[in-house]
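Each remark here refers to the structure printed beneath this line.
Bear in mind that the values in this text are calculations on the coordinates, not laboratory data. Since the model is a prediction, treat every value here as computed from it, not as a measurement. Cβ placement follows ideal geometry from the backbone for every residue including glycine, while neighbour counts extend to all protein chains displayed.
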Amino acid sequence: MAYNIVKFCQYYPAVPAVQQIFQLPRNPMGATTAAGAGLYGRATFCAALSGAGNISMEEWFFVFHYQSSTQISGTAGDRFAGLVKAIGTPVLAACVATVGSYYARLTWTPSVADCNWIIRGEMWTESPS
Amino acid sequence: MAHNLVEFEQHYVGVASATSQYLYLPPTPHEKPALVDGGLYCRVTFSAAVSGTGNLGMAEYFFAWHYATAYLLSTETLDRTWSLVTEIGAAILTSCVGRVNAEGVPYIRWIPNQDLWNWTVRGELWNESAD
């Protein structure tokens, strides 16, 4: 068995308050997993905006199900995202686990425009070798 | 743009309860100038133990600070926030807060709830820089 973990970080300056899509690698480390396996991770959304008090941090867990060795399931019950903790000024209206073209995605929507965002985290899955 | 991350770990032996401890952090990870409209973010895990059954615990905290300049944090009260994420085992902390000194350097003040336990404090600190 192999343990495959990928760390990610993206910076998004001055994001409008409209839906954004953060697409994750389909297979961490190029891992070939199996139907029924899970893709797991945590993502920390960090946001700042000029002006006093505009600082925020939220951590989310996410899980996705593989429907084959390389494809994420598109079934609604096969994906979840949940808030772990939020601190500071709330600036994230929603974060939802979604799937597009078999890629795992986090679809997120700022509630405040023009924040400068960092999304960093890690994701992992198991593969037979 | 560059993502700057530093990891840190500190060990403390036999810390007295109800005494303020101060963990100073570098205002700019890797000493690169920060984005002024950006933040400095931190996750810290406190763990403590002493001999005897059941004498151990862990607590994780989040911290966020706002930059005032490319190298220093804002001293405005509203420009920093922190919170306990979760804790397990014994209650090991009486207090844990994020602060900034008069020079704009961030620090964490923590007060042990347990007397003479041994501590490991580890975490990560990150921001975004223009280069």
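Just one of (1) touching a Pro at 6+ places or on another chain (Cβ under 7 Å); (2) within 22 Å of A:Trp117 (Cα to Cα) trips up B:Gly39, so point out which.
The one condition B:Gly39 does not meet is (1).
Looking at A:Glu126, is it surrounded by fewer than 17 Cβ atoms within 10 Å (Cβ to Cβ), over 28 Å from B:Cys42 (Cα atoms) and charged (D, E, K, R)?
Judged against the criteria, A:Glu126 is a match.
Go through region B:26-42 residue by residue and tally those that are touching a Phe, Trp or Tyr at 6+ places or on another chain (Cβ under 6 Å) and assigned to a strand (DSSP E or B).
4
Restricting to region A:1-40, and then to whatever is among the β-branched types (Val, Ile, Thr) and within 17 Å of the chain's Cα centre (by Cα), can you tell me which residue is surrounded by the fewest Cβ atoms within 10 Å (Cβ to Cβ)?
Selected residue: A:Val18.
What number of residues within region B:27-42 satisfy the criterion of being surrounded by fewer than 24 Cβ atoms within 10 Å (Cβ to Cβ) and either in contact with a helix residue (DSSP H, G or I) (Cβ under 8 Å, 6 or more places away or on another chain) or facing chain A (nearest Cβ under 9 Å) (or both)?
The number of residues fulfilling the criteria is 3.
In region A:40-55, what residues are part of a strand (DSSP E or B), at the interface with chain B (Cβ under 7 Å from one of its Cβ atoms) and of a type in the set (Gly, Ala, Ser)?
Within region A:40-55, A:Ala48 is the sole residue that qualifies.
Answer yes if at least one residue in region B:75-97 is crowded, with 22+ Cβ neighbours inside 10 Å and touching a helix residue (DSSP H, G or I) at 6+ places or on another chain (Cβ under 6 Å), and no otherwise.
Taking every residue of region B:75-97 in turn, none turns out to be crowded, with 22+ Cβ neighbours inside 10 Å and touching a helix residue (DSSP H, G or I) at 6+ places or on another chain (Cβ under 6 Å).
Considering region B:7-25 alone, what residues qualify as being surrounded by fewer than 16 Cβ atoms within 10 Å (Cβ to Cβ) and either within 13 Å of the chain's Cα centre (by Cα) or in a loop (DSSP other than H, G, I, E, B) (or both)?
B:Glu7, B:Phe8, B:Glu9, B:Gln10, B:Ala16, B:Ser17, B:Ala18, B:Thr19, B:Ser20, B:Tyr22, B:Tyr24
Condition first: within 17 Å of A:Ala94 (Cα to Cα) and within 15 Å of the chain's Cα centre (by Cα). Now tell me which residues in region A:48-72 satisfy that.
A:Met57, A:Glu58, A:Glu59, A:Trp60, A:Phe61, A:Phe62, A:Val63
Name the single residue, out of those in region A:42-97 being touching an Asp or Glu at 6+ places or on another chain (Cβ under 7 Å) and without any contact (Cβ under 8 Å) to a residue 24 or more places away in the chain, that is surrounded by the most Cβ atoms within 10 Å (Cβ to Cβ).
Per the stated criteria, the residue is A:Ser50.
Here are some residues: B:Asp37, B:Asp131. Which one is of a type outside the set (Val, Ile, Thr), touching a strand residue (DSSP E or B) at 6+ places or on another chain (Cβ under 7 Å), over 20 Å from B:Phe8 (Cβ atoms) and touching a residue at least 40 places away in the same chain (Cβ under 8 Å)?
None of the others qualify; the one that does is B:Asp131.
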